[in-house]
Amino acid sequence: MANGAHAYIDDPRNADVKIWINGELCPRKDAKVSVLDSGFMLGDGVWEGLRVHDGKIAFLDRHLDRLEEGAKALDYELGISREDLTRALYDTLDANIMREGDGVHIRLMTTRGLKATPYQDPRVTISAATIVILPEWKTPDPKVAETGLRLFTVHVRRGYPDGQDQKLNSHSKINCITACIQATKAGADEALMLDPHGFVATCNSTHFFIVRKGEVWTSTGDYCLGGVTRGVIIELCREAGIPVFEKNFSLMQVYSANEAFTTGTFAGLMPVTEVDGRKISDKRGPMVERLQALYREKIEAE
């Protein structure tokens, strides 16, 4: 069971879901990729998390844009058109009878493909890309949306793009994993990560915002993934006339904020009530409540 921003209600139906692997639907217990796959050996690939609302995949074009850009940046072909990939996603939902209502999350994963031998050089890849569509009945725990998250600032930084570019949604997430471990050991729900200059960057699996005197602040985005939900929230603020800024800010400004929240595809907006033992708020604040409502309206419109 996941905790924090990814806490969910367990659903026994997931034991029998069918998973799409390179064009074939497999029962969950039989779904496998080779030990020679680039993703297993090297984390060489990109992925997307997708949320289903009323039978439709929310913001699918934005997610597929990011997936295609990531594969292109890593210099491998997905080997499937956007139209065919979209059809495969919905066919997988249909095969699992998941087109009614909400509560479904999809992990769309791609890798460079099979290797001739365990080695990082892309030139020893001997197959087309591996593509996996893994759908689950996965409803966010509603208690978290009310009670909020506790964050802990970790020593693991979001680094410069000439090391590992944080814009790339790759399978290589070891920095986020080590950040998550440190936060968990400190008794928190999720890690707050700084950039190389000491400014707030993002969380280990979500994006981070604060509210100060009616203004919404988030990081410059220079050291974090181009989050789809993050971008939608920024757009909603501008449309609603809420002052929103992508800027550098420090932990001192976080500690004295009126509200804080995270964003992510899985759970949408989640309030943050505590950072490093400092209380931000007792519960979900008025700005978070307003933005949650605007986000629900946006999804329904989509």
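Points to keep in mind about this one:
- Scope the stretch 35-81; condition charged (D, E, K, R), part of a helix (DSSP H, G or I) and surrounded by 14 or more Cβ atoms within 10 Å (Cβ to Cβ); matching residues: ARG62, ASP65, ARG66, GLU68, GLU69
- Unmet requirement for GLY103, which otherwise passes all of (1) within 30 Å of ASP282 (Cα to Cα); (2) at pLDDT 95 or above: (2)
- Pair list, Cβ under 6 Å, 6 or more apart: the stretch 172-196 residue within 20 Å of THR263 (Cα to Cα), other residue in a helix (DSSP H, G or I): ASP189/GLY4; GLU190/GLY4; GLU190/ALA5; GLU190/ALA183; ALA191/ALA179; ALA191/CYS180; ALA191/ALA183; MET193/ALA179
- Single residue of THR110, THR86 found to be touching a residue at least 12 places away in the same chain (Cβ under 8 Å) and crowded, with 17+ Cβ neighbours inside 10 Å: THR110
- Number of the exception - VAL275 against (1) farther than 30 Å from SER170 by Cβ; (2) touching a helix residue (DSSP H, G or I) at 6+ places or on another chain (Cβ under 6 Å); (3) not acidic (Asp, Glu): (1)
- Meets criteria (modelled with pLDDT of 95 or more, in contact with a strand residue (DSSP E or B) (Cβ under 7 Å, 6 or more places away or on another chain) and acidic (Asp, Glu)) for ASP91: no
- Selection count, the stretch 1-30, where residues are closer than 23 Å to THR86 by Cβ and either in contact with a Gly (Cβ under 6 Å, 6 or more places away or on another chain) or of a type in the set (Val, Ile, Thr) (or both): 3
- Matching option when the condition is farther than 30 Å from PRO161 by Cα and among the hydrophobic types (A, V, I, L, M, F, W, C), among LEU89, LEU67, LEU114: LEU89
Quick grid of which residues meet (1) assigned to a helix (DSSP H, G or I); (2) farther than 17 Å from GLY227 by Cα; (3) within 19 Å of the chain's Cα centre (by Cα):
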position	(1), (2), (3)
ARG123	yes, yes, no
ALA128	no, yes, no
LEU134	no, yes, yes
ALA145	yes, yes, yes
ARG150	no, yes, yes
TYR160	no, yes, no
ASP165	no, no, yes
MET193	no, no, yes
THR202	no, no, yes
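- Any hit, the stretch 169-185, residues being more than 20 Å from the chain's Cα centre (by Cα) and either at pLDDT 95 or above or part of a helix (DSSP H, G or I) (or both): yes
Okay, residues lined up against (1) of a type in the set (Asp, Glu); (2) assigned by TED's automatic domain parsing to the domain that holds THR111; (3) closer than 21 Å to TYR76 by Cα; (4) not in a strand (DSSP E or B):
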site: ARG13; (1), (2), (3), (4): no, yes, no, yes
site: ILE19; (1), (2), (3), (4): no, yes, no, no
site: CYS26; (1), (2), (3), (4): no, yes, no, no
site: LYS29; (1), (2), (3), (4): no, yes, no, yes
site: VAL33; (1), (2), (3), (4): no, yes, yes, yes
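- Residue within the stretch 137-150 that is more than 23 Å from PHE209 (Cα to Cα), surrounded by fewer than 20 Cβ atoms within 10 Å (Cβ to Cβ), among the charged types (D, E, K, R) and out of contact with any helix residue (DSSP H, G or I) (no Cβ under 8 Å at 6 or more places or on another chain) present: no
- Qualifying residue in the stretch 207-217 (condition: on the phi > 0 side of the Ramachandran plot and among the basic types (Lys, Arg)): yes
- Which listed residue is modelled with pLDDT under 95 and not assigned by TED's automatic domain parsing to the domain that holds GLU48, from PHE208, PHE249, PHE266, PHE199: PHE266
The values are calculated or read from the model by the stated rules, or taken from the named source; none is laboratory data. Computed from a predicted structure; not experimentally measured. Note that we place each Cβ from the backbone using ideal geometry, even for glycine, and neighbour counts take in every protein chain shown.
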